[in-house]
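Bear in mind that the values in this text are calculations on the coordinates, not laboratory data. All figures in this text were calculated on a predicted structure; none of them were measured in a lab. Cβ coordinates were reconstructed from backbone atoms using ideal geometry, including for glycine residues, and neighbour counts include every protein chain displayed.
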Amino acid sequence: MSRIQIPEGVTDFYGDIAYRKRKCEAALRESFFLSGFDEVQTPTVEYYDTFRGEIGEIREEATIRFFDQDGRMLALRPDLTLPVVRLAAARAIDTKEVHRFFYIGDLYGTQQEYGMKRRQVTQAGCELFGIGGVGTDAEILITAIRSMLVLGLKDLVIDVGHVGFVRAVCKDLNIPEEFIPTMMKQIDEKNETALLAFCEKQGIGADVIKQLVNLIYLFGSADVLDQAKEIYRIPECQIILRHLDEVIAIIRSLQFPVRISVDLGMAPNIHYYTGMVFRGLSPLFGSSILSGGRYDQLMEQFGVPMEATGFALGVENILYLLEQQGVTMFSRPPLQYLVGGCPVDLVYQRIQSYMDQGYRTGISYQTTLDAFREEMVRQGVERGLFLDGKKELSVEKGGAIHG
Amino acid sequence: MAKITVALAKGRLFQKSMEVFQQAGLDADDLTEDSRQLIIKGERAEFLIVKPVDVPVYVEHGVADVGICGKDTLLEKSGTNVLEMLDLGFAVCKLAFAGYGGTDPYQSGIRVATKYQNYARQIYRERGVSAEIISLSGSVELGPILGLSDVILDIVESGRTLKENGLSVLEEVANSSARLCVNRVSLKTKGKEMRSLVLRIREEWKP
């Protein structure tokens, strides 16, 4: 094996892309902080137990694990929500207050995305603990939308649903509890074929099947909520619809340049989410750029029952999307000054003074003016200073030289 | 109005797939399978002519909003994140183990020649049977005939090819037919057009 290889699924970031990645993360950090969230930095290594449990379990084959000297199993964190949940639970033992946490960090594993194995991805997200209701659902949605907008993303769609809706309809139709997870998954994946086959196999009546299939197509603009209010009269559905209505009314009143889409068949990760769920979508990206929702049962697993909601977005995906959109605001600027020539001590003095003024300044070791100018062009530097013994020549990229 | 990009599979799915989109009002009129052009642009839609196994890949990445491929392809590419929305009812066939009569496809250490290597692995993994999967890209029937493999896993329509080569179906493992695959994001970002396309096909298409 050659010594310059790196393992499959990891990447080097350097030059412009490294710069853009940091800038993008900085913009997200700023946006989350502005929204009243506090940063948490959890360790890269955790006990594997943190990621286990009935709810939110990370598959062991997707986790990079090893043992410490006491024989306890450790994991490179395969997820960032669970460590934040662990932290919130630890803090909540003494004081049950509301916590607003955000994180930006790397997670590790063997995620399969687009047929490509990714072992390390950078994720940014917010989690809001200790309070539920329309207010916090709106707050987390606003925080999510704002974070996508500060990145300069355009033509965004925010797709909103509620995992309780399909469940409530199933219950009302007297679907046995053990069938519900399968059906919710089929409805979420809009797989009418599989749903029909499953229902027929279980001997479910044609009338009921029709009502279940309807859920697959219960998506569109926000007026889907009004249609649904007419059809699904049961109290549980009405409560959910009213809840979404109120949240969406708040979002609308803020007039973000974002289209709101509603999908009442949405039921992702049903062992995890318990309420409103949402995704951020862009026409230029084939999968969600942001996803989140309410997960009120997870905290209980850490010994502290508490309401919780949050979202996360993948930084590498955002970088790709920004490139697709031609957004350059995070691009690395060239050096602002290039200084070279002799005497060398004066060269360093000039560089120090430019840097003190806040200019990004580089040094050139070229010995002739021509070679110095070539280097300026090569590096794309606008302004240069070439010292020629006692003379100081200001050089502009266009070619003008001032003595 | 947003333009829809369609991934069309060359081969046995092509003709019917085109009819599906024509009937649904997309301008697929001068499409031919052997066109050298890779992208054919119309008023309301763009068509990509691709290999059948690649249809879900194009749709997953969102470079195509919608496509038609066989369930067999989806089974082989089971990790692919596409919405498999409708069964279009054509290109009906079965995925089956075949070989010389009396061979047990689930015996330990069996050698299987197939175009469906991922799906074959999954079948044996689920049964806890160790098997050697030999990946071929065509004429898999040659496997048992030449002694390269004990059985094959392949699609079977009429069973004629098998019969002519002295082989028979040992066990059927799945039903396949053409499926409408949709990108999850396109369904929302091109909401109006995509929704009405899917619903129109759902209401009107008869194979």
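Taking every DSSP beta bridge that has both ends in the protein assembly as shown, the antiparallel portion is near 70%.
Look at the Cα gyration tensor of the stretch A:56-186: its axes a ≥ b ≥ c give a/c under 1.5, and that counts as rounded. Counting every pair of alpha carbons in chain B, the share spaced more than 28 Å apart comes to 34 percent.
For every other residue with a beta carbon closer than 15 angstrom to the beta carbon of A:Leu151, add +1 if it is Lys or Arg and -1 if Asp or Glu, then tell me the sum. Numbers along the way, then the final one.
Details: positive: A:Arg20, A:Lys21, A:Arg22, A:Lys23, A:Arg29, A:Arg146, A:Lys154; negative: A:Glu25, A:Glu30, A:Asp155, A:Glu316, A:Glu323.
Spelling it out: positives minus negatives among the neighbours equals +2.
Using DSSP to define loop residues, name the trypsin sites (Lys or Arg not before Pro) in the stretch A:1-88 whose beta-carbon has at most 13 other beta-carbon atoms within 10 Å. Before the final figure, lay out each step's value.
Values: sites: A:Arg3, A:Arg20, A:Lys21, A:Arg22, A:Lys23, A:Arg29, A:Arg52, A:Arg59, A:Arg65, A:Arg72, A:Arg86; in loops: A:Arg3, A:Arg52, A:Arg59, A:Arg72.
Counting only loop positions with at most 13 other Cβ atoms within 10 Å, the trypsin sites (Lys or Arg not before Pro) in the stretch A:1-88 are A:Arg3, A:Arg59, A:Arg72.
According to the Cα-based calculation, Rg over Rh for the stretch B:92-207 is 1.14, with Rh computed by the Kirkwood formula.
On average, how many beta carbons from a partner chain sit within 10 Å of the beta carbon of a residue in B:57-70? All intermediate terms of the calculation are to be shown ahead of the outcome.
Numbers: counts 2, 1, 1, 5, 5, 7, 1, 1, 2, 0, 0, 0, 0, 0.
Mean number of neighbouring Cβ atoms from other chains: 2.
Computed from label points 7 Å out along Cα-Cβ, the spacing between A:Ser221 and A:Asn269 is 3.1 nm.
Entry note, the stretch B:33-112: relative contact order of 18 percent, from Cα contacts under 8 Å with a spacing of 6+ residues. Averaged over the residues of peptide A:186-193, the number of Cβ atoms from other protein chains lying within 10 Å of each residue's Cβ is 5. As a rough guide to protection, the peptides B:18-24, B:98-104 ranked by mean Cβ packing within 10 Å, highest first, stand as B:18-24, B:98-104. Given +1 at the Cβ of Lys and Arg, -1 at the Cβ of Asp and Glu and no other charges, the dipole of chain B around its Cα centre is 540 debye to the nearest 20. Seen through its C-alpha gyration tensor, with square-root eigenvalues sorted a ≥ b ≥ c, the stretch A:1-95 comes out oblate because a/c lies at 1.5 or above while a/b is not bigger than b/c. For chain B, adding -39500 (n - 2.57) for each run of n ≥ 4 DSSP H residues and dividing by the number of residues yields -8000 deg cm²/dmol at 222 nm. Equivalent-ellipsoid semi-axes for chain A (Cα gyration tensor, √(5λ), whole Å, largest first): 52, 25, 21.
For A:Lys21, the aspartates and glutamates whose Cα comes closer than 17 Å to its Cα, not counting residues fewer than 8 places off in the same chain, are A:Asp12, A:Glu30, A:Asp106, A:Glu316, A:Glu323. Sequentially through the stretch A:171-176, phi angles give Karplus couplings (6.51, -1.76, 1.60; θ = phi - 60°) of 4, 5, 7, 6, 6, x Hz, Gly and Pro residues having no value and appearing as x.
Using Cα-Cα distances under 8 Å and only pairs 6 or more residues apart, what relative contact order does the stretch A:269-348 have, in percent?
Values: 87 pairs, mean separation 16.1, N = 80.
About 20 percent, as a whole number.
What relative contact order, as a whole-number percentage, does the stretch A:181-327 give when Cα pairs under 8 Å and 6 or more residues apart are counted? Rounded, it is 18 percent for the stretch A:181-327. For B:Lys192, the lysines whose Cα falls under 16 Å of its own Cα, not counting residues fewer than eight places away in the same chain, are B:Lys3.
Please compute the length gained on full extension between A:Lys210 and A:Arg378, using 0.36 nm multiplied by the number of residues separating them and subtracting their Cα-Cα distance. Taking 0.36 nm per residue and subtracting the Cα distance, the gain is 53.8 nm.
Pairs spanning more than 19 Å between alpha-carbon atoms, out of A:Lys190/B:Lys41; B:Lys94/B:Lys115; B:Lys77/B:Lys206; A:Lys190/B:Lys10; B:Lys94/B:Lys163; A:Lys171/A:Lys229: A:Lys190/B:Lys41; B:Lys77/B:Lys206; A:Lys190/B:Lys10.
Please get the size of the charge dipole for the protein assembly as shown, origin at its Cα centre, with Cβ charges of +1 on Lys and Arg and -1 on Asp and Glu, quoted in debye to the nearest 20.
Working: 69 positive and 82 negative charges, 192 e Å.
Using Cβ point charges on Lys, Arg, Asp and Glu, the protein assembly as shown gives about 920 debye.
Converting phi to 3J(HN,Hα) with the Karplus coefficients 6.51, -1.76 and 1.60 and the offset θ = phi - 60°, the stretch B:173-180 yields 10, 7, 8, 10, 6, 5, 10, 8 Hz in sequence order, with x at every glycine or proline. Within straight-line reach of A:Lys23, meaning a Cα separation under 22 Å, sit the following lysines at least 8 residues removed in sequence or on another chain: A:Lys154. Peptide B:176-187 shows a mean partner chain C-beta count of 3 within 10 Å per residue C-beta.
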